[in-house]
Amino acid sequence: MHRLARISSRGSLTLPRTRLSTTRCLSSRARNVLGALDIPTSDGVELPGVYDGTWGGCGEVSESVCPATGEVLAHVRSASPQEMQAILSKTREAFQTFRDVPAPKRGEILRQIREALARKRDELGALVSLEMGKIRTEGEGEVQEFIDICDYAVGLSRMMNGNVVNSERSGHTILEVPNPLGVVGVLSAFNFPVAVYGWNLALSLAAGNATLWKPSPTTPLCSIAVTKIIAEVLERNALPGAVASLVTGGKDVGEAITGSKEVDMVSFTGSEETGKKVANAVQSRFGKVLLELGGNNAAIVMPDADLSLAIPAIFFGAVGTAGQRCTSTRRLYLHRSISSSVLSSLLRLYETLRPGDPLDRKTLLAPLHTRNAVGMYGSAVRRLRESGSEILVGGNAYDGKSLEGPLERGNYVQPTIARPLSASLSSNTSASSSKSELSGAQDLWRTEIFAPILQVGVFDELEEAIEWNNAVPQGLSSSLWTRDVRNVGRWIGPRGSDCGIVNVNVGTSGAEIGAAFGGNKSTGWGRESGGDAWKQYVRWSACTINFSDSAPLAQGIRHIVVFLRIHDARNLSAFGLLPTVNISHQVHSKRTYWKEFASEARNLRETGNRVA
């Protein structure tokens with residue numbers, strides 16, 4: 001591997017000697033953010049996007065682009081498919097060392113990672129805002145998630161317990177023992193370039209695994225900065241850097257991970273379409289897979305809801321991160337009696353939104369991550385209009401004329417509220433007939449639109465709203481706003497929401513690391529947080545230990561061992577056996593079975609075999 005840069009004794013990336021033929025003019029705001037994390041900002045140089053104990057990369061050079069300004073932040077050398085096997089092998093070797101570290105000592109490593117992240121919390125948060133595009137408080141909050149999951153995993157390292165099972169056999173004990181799994185591949189998405197890796201890394205390291213991280217190709221700087229911090233901790237503790245390997249790159253690098261038997265488990269966050277391909281690739285080789293895919297999340301507001309709580313939560317759920325959270329609120333179902341007042345309040349809030357620099361703490365409206373995302377937003381709005389939906393607010397992308405200064409090339413769009421031609425889920429008709437009325441917009445109701453677009457419907461009965469909540473392929477998050485405990489019981493019960501996250505008087509976004517995070521249906525399977533999530537990152541062994549003077553089988557089956565010594569060579573072909581063999585018969589204590597066994601033994605003796 002060509003080494004473009006290395007970790008110095010102070011842990012900073014030294015400038016690579018490779019220079020590019022093109023240069024960039026980096027703004028002072030970007031230089032300040034990158035410089036605070038010791039990421040080189042010199043013009044005309046490329047950064048290494050691969051780490052397996054040393055920094056390097058032999059693949060293509062990609063650009064990191066700021067969504068708010070369009071400026072190129074850095075050029076990063078990614079991994080090549082040809083070097084992936086060597087990286088995988090080094091990560092496997094690192095696992096073979098790390099698995100022998102006692103779990104509480106692994107917890108101490110995580111504590112040090114936590115402290116290192118906390119010291120750089122604000123700087124990393126600013127980098128998330130700069131490269132991903134989310135507003136400053138959200139960027140810092142994402143880093144805080146990584147810190148919180150490390151706290152959680154430190155305690156977990158002393159509580160990753162197996163089970164003792166009472167055996168039905170005297171003098172026996174059964175243990176269910178968790179052991180390290182191996183190499184965990186983490187394929188994360190652009191919208192949470194730090195936190196999703198943190199969820200997986202913390203539990204994976206606590207379990208004794210090595211990780212191989214492939215971040216989104218559009219957020220390489222976040223992954224480099226985080227990996228630098230972790231690498232410093234591993235180096236101080238004389239552990240292989242490949243315990244937390246990094247490979248930036250595109251589809252070919254991801255396929256090398258999902259297709260490799262060196263990777264025991266793959267945790268993937270991304271689209272449903274790609275998730276299916278990942279699942280097929282990993283499961284075809286009998287690997288483990290954890291999928292966190294699309295979310296088409298609904299909020300339901302009952303007439304008894306506390307609107308002073310509901311309206312701000314729905315507003316943030318729909319426009320926070322510019323609608324680019326997998327838990328963003330995309331559908332809103334309002335009880336008819338309050339629909340007008342709630343919509344009026346939301347429209348007033350939407351009208352206050354203005355594009356701003358994500359690094360400015362006053363900014364509330366962030367950009368979309370890429371120009372392609374702006375195009376997808378426009379396509380979705382156009383389809384809504386064509387289906388007869390009424391655009392109540394928004395519906396356009398900001399152009400250079402409506403943006404000021406450096407933001408004129410930013411990926412900003414207007415947060416949008418759309419109401420279908422028939423926004424009623426009932427209107428004195430059944431929910432099923434309402435579905436036919438909405439057939440023109442039905443595909444959009446059922447589709448995850450990764451942008452700040454909120455579709456609104458009206459209902460009369462909670463059962464109708466629950467039916468609509470569940471009438472989509474995805475099943476990630478959902479929210480009910482009510483003060484009636486009977487509504488709560490219906491919502492969280494077997495006939496309620498079919499999502500993995502079922503909230504009451506809480507928005508669809510904003511999950512805590514102590515609770516299970518994940519969804520059902522086409523959202524995927526597995527959980528990335530919560531009390532049992534660590535069990536996905538280990539291999540389980542059922543160990544039966546016999547400390548008695550006998551060796552009984554379970555279920556009352558008795559051992560009968562027959563020793564054969566075949567004297568007649570002609571019997572070799574008949575039995576397909578070596579001259580001396582052991583045959584173990586499992587015989588129930590019924591007389592007929594004993595008779596059959598005695599007859600078989602007699603026949604063996606008569607053919608010249610010695611039976612003991």
Which of the pairs LYS251/LYS362; LYS214/LYS401; LYS276/LYS535; LYS134/LYS228; LYS251/LYS535; LYS120/LYS277 have their Cα atoms more than 32 Å apart in this structure? LYS251/LYS362; LYS214/LYS401; LYS120/LYS277
When the chain is fully extended, how far beyond the present Cα-Cα distance does PHE547 get from SER341, taking 0.36 nm per residue of separation? 66.9 nm
If a paramagnetic tag sat 7 Å from the Cα of SER271 along the Cα-Cβ line, which residues of the stretch 109-133 would have the backbone N under 20 Å from that point? 132-133
Tell me the label-point distance for the pair SER308, ALA515, using the 7 Å Cα-to-Cβ offset, in nm and rounded to one decimal. 2.3 nm
So between ASP443 and THR173, what do we pick up on full extension, going 0.36 nm a residue minus the alpha carbon distance? 91.6 nm
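If you take the beta carbon distance between TRP540 and ARG348 as r and set R0 to 41 Å, what does 1/(1 + (r/R0)^6) give as a FRET efficiency, to the nearest 0.05?
Values: r = 54 Å, r/R0 = 1.33.
The formula returns an efficiency of 0.15 here.
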Can you tell me which of 443-455, 281-293 comes out highest on packing, and rank the rest after it, using the mean Cβ neighbours within 10 Å? 443-455, 281-293
Within a 10 angstrom radius of the beta carbon, how do GLU467, GLU512 rank from fewest other beta carbons to most? GLU512, GLU467
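Is the shape of the stretch 297-514 best called rounded, prolate or oblate, per the rule: a/c under 1.5 gives rounded, else a/b larger than b/c gives prolate, else oblate, with a ≥ b ≥ c the square roots of the Cα gyration tensor eigenvalues?
Working: a/c = 1.89, a/b = 1.48, b/c = 1.28.
Prolate is the answer for the stretch 297-514, as a/c is 1.5 or above and a/b outweighs b/c.
Quick check on the stretch 129-220: what does the Kirkwood estimate of hydrodynamic radius come out to from the alpha carbon pairs, in Å? Spell out each step's value before the answer.
Working: mean 1/r = 0.0647 Å⁻¹.
Hydrodynamic radius (Kirkwood, Cα only) of the stretch 129-220 equals 15.5 Å.
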Subtract the Cα-Cα distance of ARG121 and ASN32 from 0.36 nm times their separation in residues, and report this length gain in nm to one decimal. 30.5 nm
Can you compute the charge dipole magnitude of the stretch 146-270 about its Cα centre, using +1 on each Lys and Arg Cβ and -1 on each Asp and Glu Cβ, nothing else charged? Give it in debye, rounded to the nearest 20. 80 debye
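To the nearest 20 Debye, how big is the dipole of the stretch 297-514 about its Cα centre, given +1 on the beta carbon of each Lys and Arg and -1 on that of each Asp and Glu? Can you show the working numbers first?
On the way: 21 positive and 21 negative charges, 68 e Å.
Here the size comes out at about 320 debye.
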For the pair ASP100 and GLU63, how long in nm is the line joining their label points, each one 7 Å along Cα→Cβ? 4.9 nm
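Which order results if ASP151, ASP100 are arranged by neighbouring Cβ count within 10 Å, fewest first?
Values: ASP151 15, ASP100 8.
Listing ASP151, ASP100 from fewest to most nearby Cβ atoms yields ASP100, ASP151.
Would the stretch 76-169 count as rounded, prolate or oblate if I go by the C-alpha gyration tensor, calling it rounded below 1.5 in a/c and otherwise prolate when a/b exceeds b/c, oblate otherwise?
Oblate, since a/c reaches 1.5 and b/c is not below a/b.
Each reported figure results from applying straightforward, stated rules to the coordinates on display, with no laboratory input. Keep in mind that what you see is a predicted model, and the values were worked out from it rather than measured. Every residue, glycine among them, receives a Cβ derived from its backbone with ideal geometry; neighbour counts consider all protein chains shown.
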